[in-house]
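Structure below; questions to follow.
The values are calculated or read from the model by the stated rules, or taken from the named source; none is laboratory data. The shown structure was predicted, so the numbers you read here are calculated from the model rather than taken from an experiment. Here Cβ is always computed from backbone atoms with ideal geometry, including for glycine, and neighbour counts include all displayed protein chains. Please note that ligands, DNA and RNA were not included when accessible areas were found on the heavy atoms of the full protein model with its side chains. Shrake-Rupley method; radii C 1.70, N 1.55, O 1.52, S 1.80 Å.
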Amino acid sequence: MADPSTYRPKPGEIPVDPGVYRFRDKDGRVIYVGKAKSLRSRLSSYFQDISALHPRTRTMVTTGASVEWTVVRNEVEALQLEYSWIKEFDPRFNVKYRDDKSYPYLAVTMGELFPRAQVMRGRKRPGTRYFGPYAHAWAIRETLDQLLRVFPIRTCSSGVFKRAGQVGRPCLLGYIEKCSAPCVGRVSEEAHRAIAEDFCDFMAGHTDRFVKRLEREMLDASSELDFETAARRRDDLGALTKALERSAVVLGDATDADVFGIADDELEAAVQVFHVRGGRVRGQRGWVVDKQEEGDLGLAEVVERLLIQVYGGESPEGVPREVLVPVLPPDADSVAEWLSGLRGARVDLRVPQRGDKRTLMQTVERNASQSLARHKVARAGDLTARSQALQDLQDALGLTQAPLRIECFDVSHVQGTNVVASMVVFEDGLARKGEYRRFIVRGTPQADGSVRVDDTAAMDEVLTRRFRRYLEEQGDTGGLEIDDREGEDALPHGPIDETTGKPRRFAYPPQLIVVDGGKPQVNAAAAALDKLGIDDVAVVGLAKRLEEVWLPDDDFPVILPRTSEGLYLLQRVRDEAHRFAITFHRQRRSKAMVRSALDDIPGLGQVRAKALLAHFGSVKKVRAADVSQITAVKGIGPALAESIHRALREDGADVPAVNLTTGEVLE
């Protein structure tokens, strides 16, 4: 790896203007492309103390061997140039969007002498009108088949069109009146182009005038007793209506918008976009993006890169009047100006707050959430992938056997308060939720009387409790106090204690323990097992920053390839443990969130405390009441009333109820 100081440009050489920069490796390949409002400020940040950089940025600057830049006039030009270079060089350190489908469009080749309607994929061509994208090619063909009754535009290939002209006989569509047959001169070039333009107008959402025109022609033919023509117009009207029914009306007729929804976790983000044209959803697309490709990629940065990649290659017709996003990109004004330049008219980039557009965005976000869930389940449910993942872990970690049972531990707290931990279990690569466990961390007593509750001490305590319980159950001894319920309907697993009829909850040891963290957490976990004499269980830690795998007492981590199924399994296990710990922590924190002087009075429970507050209105008024007034509250006897009166007047302080999260005085 290169030392960044060997190719660091002098600060005075770097301009302060906006621009785009490229990092190259020793072979001259572009490995990263970025844009900046001030090139000097941005590039200088890459050459600071290397230990202070994000691990992925550190890898990038040590892989690089040179940096170059191009100055532009403004940030909009920087956006355009950044997009062009990312497309041209495909840098390995830039985030990449993986399209979860190859989406087809309905295209009309208006640049040809006789325009043709067809299904088209891939790069967009100049002179062609595109409608969609559609989820399936068959959906385009069904829609097109309905509309050809009313708009008999050419759909045949160039070879078929030329051959029909040579023999003077149209194809089958020409005979059944689903093509105007310009190949044999039934209509002129101008008439056929007019049909194509009407077809494009209809697909663009201007539907009312065509429906009204057919209704008028049907009524006119009927009044003139031309029932055959009236029947044809009736069937044409039915075809248009059926085509319109394929697109749900969601917004006003004049609305042209792309609505983006994003669902993400710590590793990946699923993106869905609904294309609304003329108030109707004309198409839908989806992507999955790896958020770890560029370190800590926030949701705003995901939106910015998404818009650049989606609209960078679009024709003006492909950019709508409105782009609705869940959060604005960091430099929203520049992105909106860039989109307006692509469209040739103003583009409104905003976050919908209320009304139909907000409702539609919630629908798109639900689709994104389902897409992310399907993406994860598809990978997790693949037996071959699971087997490969276990084999990868066995090889990379030097295990004697594949880790068929994996247990992962995570600690959750807020500045040392409400410390809890979670244990999740995966068997054969799949979650066993019935065996999940939750721990309330008590802390480690110190010699000076204090209690130690940091991450390593909590990890030591939790693993000690879990494996001491395992050893006790192996010897048919009693248990240790633990909160081990995932829910009221959690199913028991494991061997049954014949004396009590209850399951032995920790009877099975894992082949692999995963802890959420790096070297300190791994060493703490290994020390806990050593104290108990357990030497046949492997321990690893998965650090979130660079997804490196740490082994006990090793100075350097194991780096699994990003495409490794083993790494993906470790990530899923770690994320599930984190989710489970966070959920339990929030439950405990919410219970401790609101406190008042009544909470510390012995013998006064929640029900009676609520009755007091309902009767008097506030703690201050309870404090001012005498014993007889307190006794008048239902459920409060003389002895308890005396305790309440004494406790509230003990120090004479006026202590209101306080929300510990916000500091709000609740009285």
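Which of the residues that make up region 174-232 are at positive phi and either open to solvent by less than 60 Å² (accessible area, probe 1.4 Å) or free of Cβ contacts under 8 Å to residues at least 24 places away in the same chain (or both)?
Of everything in region 174-232, those that are at positive phi and either open to solvent by less than 60 Å² (accessible area, probe 1.4 Å) or free of Cβ contacts under 8 Å to residues at least 24 places away in the same chain (or both) turn out to be A181, G185, G205, L225.
Which residue is modelled with the highest pLDDT, if the candidates are limited to region 487-535 and must be within 34 Å of the chain's Cα centre (by Cα) and of a type in the set (D, E)?
The residue in question is D516.
Could you check region 110-160 and list, in sequence order, the residues that are of a type in the set (G, A, S), modelled with pLDDT under 85 and in a loop (DSSP other than H, G, I, E, B)?
The answer is G122, G127, G132, A135.
For I601, indicate whether it is at pLDDT 80 or above, out of contact with any strand residue (DSSP E or B) (no Cβ under 6 Å at 6 or more places or on another chain) and open to solvent by less than 20 Å² (accessible area, probe 1.4 Å). Spell out how you get there, then give the answer.
Working: at pLDDT 80 or above: no; out of contact with any strand residue (DSSP E or B) (no Cβ under 6 Å at 6 or more places or on another chain): yes; open to solvent by less than 20 Å² (accessible area, probe 1.4 Å): yes.
Taking the combined requirement at face value, the residue does not satisfy it.
Quick check on my filter: what residues within region 345-362 are free of Cβ contacts under 8 Å to residues at least 60 places away in the same chain and among the charged types (D, E, K, R)?
R346, D348, R350, R354, R358
Residues checked against (1) under 26 Å from the mean Cα position of the chain (by Cα); (2) surrounded by 20 or more Cβ atoms within 10 Å (Cβ to Cβ); (3) modelled with pLDDT of 85 or more; (4) assigned to a loop (DSSP other than H, G, I, E, B):
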{"site": "D392", "(1), (2), (3), (4)": "no, yes, no, no"}
{"site": "Q401", "(1), (2), (3), (4)": "no, no, no, yes"}
{"site": "E407", "(1), (2), (3), (4)": "yes, yes, yes, no"}
{"site": "S412", "(1), (2), (3), (4)": "yes, yes, no, no"}
{"site": "M423", "(1), (2), (3), (4)": "yes, yes, yes, no"}
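Any idea how many residues of region 425-442 are acidic (D, E) and surrounded by 20 or more Cβ atoms within 10 Å (Cβ to Cβ)? Lay out the reasoning, then the answer.
Taking region 425-442 first, the residues acidic (D, E) are 427-428, 435.
Filter again for surrounded by 20 or more Cβ atoms within 10 Å (Cβ to Cβ), leaving 435.
So the count comes out to 1.
Has region 317-336 got at least one residue that is within 19 Å of F131 (Cα to Cα) and either of a type in the set (S, T, Y) or in a helix (DSSP H, G or I) (or both)?
Yes, the conditions are met somewhere in region 317-336.
Of the conditions (1) over 30 Å from D575 (Cα atoms); (2) of a type in the set (K, R); (3) modelled with pLDDT under 80, K357 clears all except one; give me its number.
Evaluating K357 over (1) over 30 Å from D575 (Cα atoms); (2) of a type in the set (K, R); (3) modelled with pLDDT under 80 leaves (3) as the failure.
Another question, if that's okay. Exactly one condition in (1) among the basic types (K, R); (2) over 26 Å from L299 (Cβ atoms); (3) free of Cβ contacts under 8 Å to residues at least 40 places away in the same chain; (4) surrounded by 16 or more Cβ atoms within 10 Å (Cβ to Cβ) is false for R24; which is it?
It is condition (3) that R24 fails.
So which of A538, A592 ends up being at pLDDT below 80 and open to solvent by 20 Å² or more (accessible area, probe 1.4 Å)?
The conditions single out A592.
Going by what's in this entry, would A368 be described as in contact with a helix residue (DSSP H, G or I) (Cβ under 7 Å, 6 or more places away or on another chain), part of a helix (DSSP H, G or I) and either modelled with pLDDT under 85 or open to solvent by less than 80 Å² (accessible area, probe 1.4 Å) (or both)? Before you say what the answer is, go through the steps one by one.
Working: in contact with a helix residue (DSSP H, G or I) (Cβ under 7 Å, 6 or more places away or on another chain): no; part of a helix (DSSP H, G or I): yes; either modelled with pLDDT under 85 or open to solvent by less than 80 Å² (accessible area, probe 1.4 Å) (or both): yes.
Spelling it out, it is not the case that A368 is in contact with a helix residue (DSSP H, G or I) (Cβ under 7 Å, 6 or more places away or on another chain), part of a helix (DSSP H, G or I) and either modelled with pLDDT under 85 or open to solvent by less than 80 Å² (accessible area, probe 1.4 Å) (or both).
Here is a further query. From the list R98, R92, which residue is at pLDDT below 80, closer than 20 Å to E301 by Cβ and either of a type in the set (D, E) or assigned to a strand (DSSP E or B) (or both)?
R98
Do you know which of the residues in region 256-273 that are at pLDDT below 85 and open to solvent by less than 20 Å² (accessible area, probe 1.4 Å) is farthest from A368 (Cα to Cα)?
Among those that are at pLDDT below 85 and open to solvent by less than 20 Å² (accessible area, probe 1.4 Å), it is L267.
Taking region 309-332 on its own, how many of its residues are at pLDDT 80 or above, open to solvent by less than 50 Å² (accessible area, probe 1.4 Å) and farther than 23 Å from S38 by Cα?
Going through region 309-332 one residue at a time, the tally reaches 10.
Taking into account only those residues within region 31-40 that are part of a strand (DSSP E or B) and over 11 Å from T63 (Cα atoms), which is farthest from the chain's Cα centre (by Cα)?
Of all residues in region 31-40, those part of a strand (DSSP E or B) come to 31-36.
Now narrow it down to the ones that are over 11 Å from T63 (Cα atoms): 33-36.
Details: V33: 24, G34: 23, K35: 24, A36: 26 Å.
This residue is A36.
Among the residues of region 46-61, is any small (G, A, S), modelled with pLDDT of 85 or more and either open to solvent by less than 40 Å² (accessible area, probe 1.4 Å) or on the phi < 0 side of the Ramachandran plot (or both)?
Residues of region 46-61 that are small (G, A, S), as a first pass: 51-52.
Applying the additional criterion that residues be modelled with pLDDT of 85 or more yields none.
No; the residues of region 46-61 include none that is small (G, A, S), modelled with pLDDT of 85 or more and either open to solvent by less than 40 Å² (accessible area, probe 1.4 Å) or on the phi < 0 side of the Ramachandran plot (or both).
Also, I was wondering about something else. Do the conditions hold for L306, that is, is it buried (at least 19 other Cβ atoms within 10 Å of the Cβ), at pLDDT 80 or above and hydrophobic (A, V, I, L, M, F, W, C)?
yes
I would also like to ask the following. Assess whether A107 counts as being at pLDDT 85 or above and among the aliphatic types (A, V, I, L, M).
yes
Taking the residues in region 333-354 that are open to solvent by less than 20 Å² (accessible area, probe 1.4 Å) and among the β-branched types (V, I, T) as candidates, determine which candidate is nearest to S84 (Cα to Cα).
Among residues in region 333-354 that are open to solvent by less than 20 Å² (accessible area, probe 1.4 Å) and among the β-branched types (V, I, T), the one nearest to S84 (Cα to Cα) is V335.
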